[in-house]
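Encoded as structure tokens, the structure appears first; notes follow it.
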Amino acid sequence: MRLLRLRFCHARWVCRSFNFPAATKTTSCQPYSVTAFREDDASKSQGYISIGSFNSDNVEVMNSIPTSVYSKPLLPFDAEATSSDVVCSQGDWMLDKRWTFLNHGAFGAALRCGYNRAAQWREYLERQPLRYFDRDLLPHLVESNRQMAAFVKGQSTHMVLVQNATTALNTIIGGYAQTYGNDSLVLYFDTSYGSVKKMAKHYCGSERVVEIPFQEVHLPLSSKNDDSPEATFLDAFDRALAHLKRDYPPSRLTNALLILDQTTSNTAINMPVKALAKRAKEEGMLVLVDGAHGLLAQNIDMEKLTSAGVDFYVSNGHKWLSAPRGSAMLYCCDEGLRHTVLRRPAIISHGIDDGFISRFLWDGCRDYASELALPAVLSYWRDRGENKTRTEMRSNLTNAVKTLASCWHCEVKDEADLVEAGVTIVPVSLLSPMALVLLPKPICGNTYTDRKTSADAKEIQDFLFHNMIEVPIKCVNGVLYVRVSSHIYNTTEEYEHLGRVILSYPVF
């Protein structure tokens, strides 16, 4: 049966919709929409209007349609329910219950609803590949892009979906180096992610990269220090700027690129990115926030971040959002930067000359199911309550720290004394959704007389793995810590089990 719909998107389009026959007796298709012709020239074909020769609407137009008149594409298969109960069920994830999994922060763990939606898209693709790629894919990628932009309180025209944060970071840092050439200068804290440091040196050259000392100088970050944690970060940044101003003319800092971690990976610290971005803007710098751990774990408000001075923001979908692996976001509100630094994606394909979203959305024939599954994942968290979830994650983490501290460092009675005793490296207020907790003596070592190494950390992590506990051991300033993650599926019993198993390590 043929259905007619009207769509308004700058020009007025008439769309033909068809009911395709079900592939199986148990699967029926919802109305399937493809653009056929313009209403003002129905008798003559207008040719292709999207990327390359795809038979779909123009993605720039679809992505910019006001929400009040936008009509989202219908799924071409029966959708499964994605809503959650008020109380989290561990069955919402697919984790093996034989394992104590306390390392969500590494590569995440996918929600069942997202995994199932991705599987539906993969099966739909294989039933008629050309229909999927040629007519369905782009409109639904735009829908995912729009929903993700709304989730982070941003504008869809300022955001694009990419495969992972690494892809986005390569695009930004590589584009920055190409745009500014010999005038490029990259600054990052020594707590930054290892691969980001390598990217900066690769694209800009080591002579144009400055590492800001922080870890050796300031950690553990005492809660009883006269300076607030935010002031300590700002002081470290200002000291680095002072050194640079002695070596370079003041104009050298203009358009330098400051890279900040929203949450550091190795040390699990939430950095004061807004305060640091604001300070960087006073020097005319560009600011990139690596928010790999940001989505869902932090209350991301792109309008507030950009107002504070953040020029680029990237985040992964597979970590705390628990989307299937292969989805991430890149956000940039500055049109000039989108046309210069972001002019060349990491992968160039058909959309390179067609606009911001066009040059990123399609990067070749691959599996896009993870990005197509984002609406199902976002629906899950909206139904459950994003703020409620973040509150539970923070509460679970605080409980985890206290549980391990009481097991390994029973002399520490007060949460305020955790940093002073070295049990955590920063106040609990700077933690979530991960934390470093000092291992018990004597295996933890110390900075001065018994410095440990990454080899020592690996040995203990392997011991835990053989006891079916997945959690990383980190070496910071020669001292060993366990980095525990806390998602809403983690329980007190799991942290208690970790505590007991560590005490069975052969050294005791």
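The values are calculated or read from the model by the stated rules, or taken from the named source; none is laboratory data. This structure is a prediction, so every number in the text was calculated from the model and none was measured. FYI the Cβ positions are ideal-geometry reconstructions off the backbone, even for glycines, and counts take in every protein chain you see. These area figures cover heavy atoms from the full protein model, side chains too; ligands, DNA and RNA do not enter into them. Shrake-Rupley method; radii C 1.70, N 1.55, O 1.52, S 1.80 Å.
Between residues in the stretch 378-402 that are under 20 Å from MET148 (Cβ atoms) and residues that are open to solvent by 60 Å² or more (accessible area, probe 1.4 Å) and among the β-branched types (Val, Ile, Thr), which pairs lie under 8 Å by C-beta distance while being six or more apart or on different chains?
Short answer, once both residue conditions are applied: ARG384/VAL86.
Suppose the filter is closer than 30 Å to GLU207 by Cβ, outside any strand (DSSP E or B) and open to solvent by 30 Å² or more (accessible area, probe 1.4 Å); does THR157 pass it? Outline the logic, then answer.
Values: closer than 30 Å to GLU207 by Cβ: no; outside any strand (DSSP E or B): yes; open to solvent by 30 Å² or more (accessible area, probe 1.4 Å): yes.
For THR157, the condition - closer than 30 Å to GLU207 by Cβ, outside any strand (DSSP E or B) and open to solvent by 30 Å² or more (accessible area, probe 1.4 Å) - is not met.
Can you find, within the stretch 406-423, the residue that is nearest to TYR495 (Cα to Cα) among those that are open to solvent by 60 Å² or more (accessible area, probe 1.4 Å) and within 32 Å of the chain's Cα centre (by Cα)?
Checking each candidate, the answer is GLU415.
Sort out which residues of the stretch 111-124 are surrounded by 19 or more Cβ atoms within 10 Å (Cβ to Cβ) and either farther than 18 Å from HIS318 by Cβ or among the β-branched types (Val, Ile, Thr) (or both), and write them in order of number.
Scanning the stretch 111-124 gives GLN120, TYR124.
Evaluate the stretch 432-439: report whether one residue or more is polar (S, T, N, Q) and either open to solvent by 50 Å² or more (accessible area, probe 1.4 Å) or without any contact (Cβ under 8 Å) to a residue 40 or more places away in the chain (or both). Steps first, answer last, please.
Looking only at the stretch 432-439, we keep the residues that are polar (S, T, N, Q), and these are 432.
From the residues that got through so far, the ones that are either open to solvent by 50 Å² or more (accessible area, probe 1.4 Å) or without any contact (Cβ under 8 Å) to a residue 40 or more places away in the chain (or both) too are none.
No, there is no match, as no residue in the stretch 432-439 is polar (S, T, N, Q) and either open to solvent by 50 Å² or more (accessible area, probe 1.4 Å) or without any contact (Cβ under 8 Å) to a residue 40 or more places away in the chain (or both).
Just need a number here: residues in the stretch 57-70 that are over 23 Å from LEU125 (Cβ atoms) and either in contact (Cβ under 8 Å) with a residue 60 or more places away in the chain or under 27 Å from the mean Cα position of the chain (by Cα) (or both).
So the answer is 8.
From the set of residues in the stretch 278-317 that are among the aliphatic types (A, V, I, L, M) and assigned to a loop (DSSP other than H, G, I, E, B), which is nearest to ARG252 (Cα to Cα)? Give the derivation first.
Pass one, the stretch 278-317, residues among the aliphatic types (A, V, I, L, M): 280, 285-289, 292, 295-297, 300, 302, 305, 308, 310, 314.
Next, from what is left, pick out any that are assigned to a loop (DSSP other than H, G, I, E, B): 285, 292, 295-297, 300, 310.
Numbers: MET285: 10, ALA292: 29, LEU295: 34, LEU296: 37, ALA297: 36, ILE300: 31, VAL310: 20 Å.
Going through the qualifying residues, I end up with MET285.
Suppose the filter is over 28 Å from the mean Cα position of the chain (by Cα), small (Gly, Ala, Ser) and within 25 Å of LEU95 (Cβ to Cβ); does SER504 pass it? If you could, list the steps in order and put the result at the bottom.
Details: over 28 Å from the mean Cα position of the chain (by Cα): yes; small (Gly, Ala, Ser): yes; within 25 Å of LEU95 (Cβ to Cβ): yes.
Yes: the conditions hold for SER504.
Name the pairs whose Cβ atoms lie under 6 Å apart, with the first residue in the stretch 228-242 and open to solvent by 50 Å² or more (accessible area, probe 1.4 Å) and assigned to a helix (DSSP H, G or I), the second modelled with pLDDT of 95 or more and not β-branched (Val, Ile, Thr), and 6 or more positions between them or separate chains?
Within 6 Å, the pairs are GLU230/PRO272; GLU230/ALA275.
Condition check: charged (D, E, K, R), open to solvent by 30 Å² or more (accessible area, probe 1.4 Å), assigned to a loop (DSSP other than H, G, I, E, B) and farther than 26 Å from LYS201 by Cβ. Does ARG343 satisfy that?
On the way: charged (D, E, K, R): yes; open to solvent by 30 Å² or more (accessible area, probe 1.4 Å): yes; assigned to a loop (DSSP other than H, G, I, E, B): yes; farther than 26 Å from LYS201 by Cβ: no.
Against the criterion (charged (D, E, K, R), open to solvent by 30 Å² or more (accessible area, probe 1.4 Å), assigned to a loop (DSSP other than H, G, I, E, B) and farther than 26 Å from LYS201 by Cβ), ARG343 does not qualify.
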